[in-house]
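The values are calculated or read from the model by the stated rules, or taken from the named source; none is laboratory data. Note that this is a predicted model, so its numbers are computed, not measured. Here the Cβ positions follow ideal geometry from the backbone for every residue, glycine too, while neighbour counts run over all protein chains shown. Surface accessibility is based on the protein's heavy atoms, side chains included, excluding ligands, DNA and RNA. Shrake-Rupley method; radii C 1.70, N 1.55, O 1.52, S 1.80 Å.
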Amino acid sequence: MAEHRVRVPALTPQMTLGPREARHLHVLRLRPGDPVRVFDGQGAEAGATLEELDDTRAVLALGERVAGTAETPQPVTLAVALLKGDKLSDVVRAATELGVARVQLLVTRHADAREIGGQKLTRLRRVAEEASKQSRRAVTPEVLDPVSLTDLSWEGQLFVAQPGSRERLTDHLTWDAPVTVLTGPEGGLSDAEVAALTARGAVAVTLGPRILRAETAPVALLGAIVATGV
């Protein structure tokens, strides 16, 4: 049976976790002496042994370090417009599974929402953490506070999903610098928004002949990105 994976703040000889993780280990029916796999969300991963477990804490003893799951050749950032309901949770979960290093939330002209509450932001960060456990990644993506398109900054390449573009991702993508991919809300990005981004060096790319939903477009674009870096 595969070892259960636990996120820890840092890999130290002895690691103490709080009530939330302790309850989770109780649900998994783990007992002192059982092996687990620990990771710090920054790429480090190791075996560990559960030494103590009660309702308020869990104590783990560090074992041998292991190689984490391979990441993309350069860090990938998903910049995604704010969406209503649970759509962002679905996007963050899939983006984590597909290997992004961070998720940058965006406020755009036609965004489904203009702001996000602290409670929902915390939930999105938990979704990223849980998805990194389930997908066996040693990296947990950051989920960053929303910014406007004007305030968005990036390093390396930026690809914007834009229906009607004739440019293909594979004709422009290289892995010699970090990569950012950007998708808009249900109403799409305005022509002015796309023009402003391309004037700053972004490349507007097609996702094919069909119009994709706002929660589908990020997954499609990330899938194409990750496939080129395998």
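ARG31: part of a helix (DSSP H, G or I) and charged (D, E, K, R), yes or no? In short, no.
Considering only residues in segment 29-47 that are open to solvent by 20 Å² or more (accessible area, probe 1.4 Å) and either closer than 20 Å to ALA128 by Cα or among the small types (Gly, Ala, Ser) (or both), the one that is modelled with the highest pLDDT turns out to be GLY33.
Looking across segment 139-153, just one residue is farther than 11 Å from THR96 by Cα and either under 13 Å from the mean Cα position of the chain (by Cα) or of a type in the set (Phe, Trp, Tyr) (or both), and that is LEU144. Here is the figure for segment 27-72: residues that are in contact (Cβ under 8 Å) with a residue 12 or more places away in the chain and closer than 18 Å to THR96 by Cα total 12. Within segment 62-75, none of the residues are within 26 Å of the chain's Cα centre (by Cα), assigned to a loop (DSSP other than H, G, I, E, B), among the β-branched types (Val, Ile, Thr) and modelled with pLDDT of 90 or more.
When segment 203-230 is filtered for residues that are in a loop (DSSP other than H, G, I, E, B) and surrounded by 21 or more Cβ atoms within 10 Å (Cβ to Cβ), only ALA214 remains. Can you confirm whether PRO9 is in a loop (DSSP other than H, G, I, E, B), under 28 Å from ALA224 (Cα atoms), open to solvent by 70 Å² or more (accessible area, probe 1.4 Å) and out of contact with any Asp or Glu (no Cβ under 6 Å at 6 or more places or on another chain)? No.
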